[in-house]
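A quick write-up on the structure given underneath.
The values are calculated or read from the model by the stated rules, or taken from the named source; none is laboratory data. Note that this is a predicted model, so its numbers are computed, not measured. Heads up, the Cβs are rebuilt from the backbone with ideal geometry, glycines too, and the neighbour counts pull from every protein chain shown. Heads up: the accessible areas ignore ligands, DNA and RNA and are worked out on the full protein's heavy atoms, side chains in. Shrake-Rupley method; radii C 1.70, N 1.55, O 1.52, S 1.80 Å.
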Amino acid sequence: MPINGIILVAGEGTRLRPLTYTLPKPLIPIMGKPLITRIIEGLMSNGISNIHVVIGHLGFLFKQALGDGSSLGVSIRYVEQRERLGIAHAIHRAIEEGADGELIVHLGDNYFGEGLDRFIREFREGDYDVYIVLTKHKDPTRFGNAVIKDGKVIRLIEKPREPPPNSLVMTGIYMFRDSRDVERAFSTLKPSARGEYEITDLIQWFIDNGRRVGYSVTNSWWKDMGTPQDILDLLYLMLDEAKPRIEGEVRGEVNGRVIIERGAVIEGRVHGPAYIGRGSVIGKDTVIEHYVDVESNASINGGSLSRSLILNDASLELSRARLIDSIIGPRSRVRLSSGNYSLILGEGNSIISTA
């Protein structure tokens, strides 16, 4: 049977505005790569080269960024989901457009610290009809919940107001052995109260019909990039695992685990963990504190930064100011003279303060 990867990126990312007015969250780069690129690489390393990307909001930007997938060693087909009718509907749309056989479905705003290898291997070795990955979460009401009894998934509940005791939440990866069964299940579904075809209802069909539904609990961290803080949390987790590498020019001072890409120039001080992208310049009066990601071709002069993501081509003149817990959008300009700030800026914004 053919094997297909399906990546779902049709959402609007409303909780990440203003960033997502012009940049879909799976295309937000962290440490030099958009999240969707990392997902594609994870699928490819497991022998999955036929990828269906389900697009909607700003879908043309995915086409511009990824093309036909050949630069990544895969073949990409784009599938449009014109109406936001839920995850199950998005999978159905991919099947309508040619995704048949075994399906590995990955939400485009999810990332797993341990990668995908173990999950895909256990799915195949267990000969399951469906396989899901679960984890514990401090707020189970935000996600689908799985009820486990005697080592089996017996019930799935979508965003329960009162989660079951010791509940495990569903993460954003779902695996199906046969697309024909997925279509049989989908044909029985009705939209939920929020007007969507829920993935929990789709998989519940397999449970109710006696199919083999396997699961695993992830051994590492998992992030769903729903909010600006989620993006920053993902950055911190990834920087914690980064290996230091210096390929740019250091005229100033670098301490700790720091990645400096080729073409970057460091004239100030950089304290790791931190990432400085290609072509970026850190001025001589600038202090990059811990957990900062400066993407490509950005310039920072003066001031200090901590726990922040600075996207490509941004320009910061900080004088004696300090940025903390901030995301600065691509091609934005920030000019500050003093004080402490926490900013979330979209693309091409300007903030100028002389106070």
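Quick look at the values:
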item	result
Viscosity 1.002 mPa s, 20 °C: Kirkwood-radius Stokes-Einstein D of the stretch 37-141 over Cα pairs, µm²/s	142 µm²/s
For the stretch 278-324, convex hull of alpha carbons as volume per residue, Å³	55 Å³
Computed magnitude of the charge dipole of the stretch 29-170 (debye, nearest 20; Cβ of K, R +1, Cβ of D, E -1)	520 debye
Stokes-Einstein translational diffusion, the stretch 41-97 - Kirkwood Rh over all Cα pairs, 0.890 mPa s, 25 °C, in µm²/s	205 µm²/s
Per-residue ³J(HN,Hα) for the stretch 319-329, Karplus 6.51 cos²θ - 1.76 cosθ + 1.60, θ = phi - 60°, Hz, x for Gly and Pro	6, 10, 7, 10, 9, 9, 6, 10, 10, 10, x
With DNA, RNA and ligands ignored, accessible area of SER179 (1.4 Å probe; Å², nearest 10)	10 Å²
Ratio Rg/Rh, restricted to the stretch 209-269 and using Cα atoms, in which Rh is the Kirkwood radius	1.26
Student exercise, the stretch 1-79 dipole from Lys, Arg, Asp, Glu Cβ charges, in Debye to nearest 20	200 debye
Set of aspartates and glutamates with alpha-carbon distance to LYS284 below 15 Å, sequence-local pairs under 8 removed	GLU249, GLU253, GLU267, GLU317
Heavy-atom accessible surface of the chain: percent carbon and sulfur, 1.4 Å	45 percent
Nearest-10 value in Å² for the accessible area of VAL334, using the 1.4 Å probe	0 Å²
Prolate/oblate/rounded call for the stretch 248-321, Cα gyration tensor, a/c under 1.5 rounded	rounded
P(r) of the stretch 21-63 over all Cα-Cα pairs, binned every 10 Å from zero, in whole percent	26, 52, 21, 1
Rg/Rg_ref, the stretch 1-90, where Rg_ref = 2.2 N^0.38 Å and atoms are Cα	1.06
Which of LYS243, LYS152 is most accessible, then next, and so on - probe 1.4 Å	LYS243, LYS152
Relative compactness, the stretch 224-355, computed as alpha-carbon Rg over 2.2 N^0.38 Å	0.94
All Cα pairs of the stretch 172-280, percent lying beyond 18 Å	67 percent
Two-decimal Rg/Rh across the stretch 112-252, once Rg and the Kirkwood Rh are taken from alpha-carbon atoms	1.07
Distribution of pairwise C-alpha distances over the stretch 146-218, 5 Å bins, in %	3, 13, 27, 26, 20, 9, 2
Backbone HN-Hα couplings from phi across the stretch 332-341 [Karplus 6.51/-1.76/1.60, Hz, Gly and Pro as x]	8, 10, 10, 10, 10, 9, 6, x, 10, 9
Whether the chain is rounded, prolate or oblate, judged on the alpha carbon gyration tensor where a/c under 1.5 counts as rounded	prolate
